[in-house]
Number of protein chains: 2
Amino acid sequence: MAQHTTAPATAMLGYRLKRAASALRSRMDEGLRPHGLTVPQYATLELLDAQPGLSNAELARGAFVTRQSMNVVLRGLADGGLVRRAEVSEHGRALPTHLTDDGRRRLEAARDVVFALDRQMTAAVPGRRLADLLTDLDAMAAELGR
Amino acid sequence: MAQHTTAPATAMLGYRLKRAASALRSRMDEGLRPHGLTVPQYATLELLDAQPGLSNAELARGAFVTRQSMNVVLRGLADGGLVRRAEVSEHGRALPTHLTDDGRRRLEAARDVVFALDRQMTAAVPGRRLADLLTDLDAMAAELGR
DNA sequence: TGGGCCATGTCAGGAGTTTGACATACGACG
DNA sequence: CGTCGTATGTCAAACTCCTGACATGGCCCA
């Protein structure tokens, strides 16, 4: 046997990462429900606000879901009149998507909830360590690849 | 309008957290598939190994899913002969669950893959900052509640 | 003793997400 | 010019997970 008992899985970085992410996800679900938005839908609106004209595949990568899932998300947003997809492709098969005025309004309302959560979460870490924390999270993601 | 443009949502802590967690999840899915385990199933085995006799509800909290989802997970593990649930309750309605020998063997095999991922991810952050990183992740989770 | 309260296990239904597959469109290269 | 490789959009099917709801069992306290 090993001379020292192995650290329990709940002590490992992956578990702690998952716990924090899970807590945030729960709170976002709660906060976004009154706005009629799911987390992927909100993420999509946010991405389109920052980079109008993104394609389905690009949005999927940005929201960390598959192209198929994003296709469903976009269909829902388009049915609700929050986004508008081009019918014809300008380049390749990619169909650029844009926010509608309704979409922008809905995003701004939902943003208050989400940003408040992010501020609350950010406040839990000492300010002097925030930059390092962001750096390390990015390094972890990069190390594990896309 | 605001005098300065607001930071894009992709620059916020929540997004970086999600990206890291999503990357880890993808890699765990890939690594566990050959072992015939899903991430929640693996997490459940790991929890039961550390704390034999946990109930369905306790496992659900530990694996960050609902009781209903954990119920399905346990059913799958029990059908595969990896865990064994008590038929009668010792205290309240809670039904203690234990690993079988097969379950322990399967866990140990899968553990190699998961631990390797955790080590790889951990190696991406400077050793002197690891303790702070864990502290901050825990503080974020605690601040957002359960 | 009895009622209010909370936790647990479970059923039913639906929503979201993924894997697998296929057709189309562009670019690089021989 | 033709072909391979890559990227995109979409369909189909299965799986996973969640919300909502209900019944049961223990605990606290009047």
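The values are calculated or read from the model by the stated rules, or taken from the named source; none is laboratory data. All figures in this text were calculated on a predicted structure; none of them were measured in a lab. Here the Cβ is made from the backbone with ideal geometry for all residues, glycine too, and neighbour counts use every protein chain on show. Surface accessibility is based on the protein's heavy atoms, side chains included, excluding ligands, DNA and RNA. Shrake-Rupley method; radii C 1.70, N 1.55, O 1.52, S 1.80 Å.
Numbers for the structure displayed
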{"item": "Whole-percent carbon and sulfur share, accessible surface of chain B, 1.4 Å", "result": "51 percent"}
{"item": "Positive dipole terminus of segment B:35-132, leading residue within B:ALA78, B:PRO96, B:LEU59 (C-beta point charges)", "result": "B:LEU59"}
{"item": "Choice from A:MET70, A:MET12, A:MET121 showing the highest fluctuation, given a GNM over chain A with Cα pairs closer than 10 Å", "result": "A:MET12"}
{"item": "Axial C-alpha extent at least 27 Å, average Kyte-Doolittle at least -1.0 - helices from chain A (DSSP)", "result": "A:13-32, A:101-123"}
{"item": "B:ASP29, B:ASP79, reordered so the largest accessible area comes first (probe 1.4 Å)", "result": "B:ASP79, B:ASP29"}
{"item": "Label distances, nm, B:THR6 versus same residue in remaining copies, Cβ-directed 7 Å point", "result": "4.5"}
{"item": "Solvent exposure of the protein assembly as shown as accessible area per residue, Å², 1.4 Å probe", "result": "55 Å²"}
{"item": "For the axis carrying chain B to chain A: nearest C-beta residue of B, whole Å", "result": "B:ALA21, 2"}
{"item": "Protein accessible surface hidden between B and A, which excludes ligands and nucleic acids, total in Å², probe 1.4 Å", "result": "4900 Å²"}
{"item": "Environment charge of A:LEU99, counting only residues whose C-beta is closer than 12 Å and scoring Lys/Arg +1, Asp/Glu -1", "result": "0"}
{"item": "Calculated [θ] (222 nm, deg cm²/dmol) that DSSP helices of n ≥ 4 give over the protein assembly as shown, each run adding -39,500 (n - 2.57)", "result": "-20500 deg cm²/dmol"}
{"item": "Separation of alpha-carbon centers, segment A:93-146 and segment A:42-88, rounded to whole Å", "result": "16 Å"}
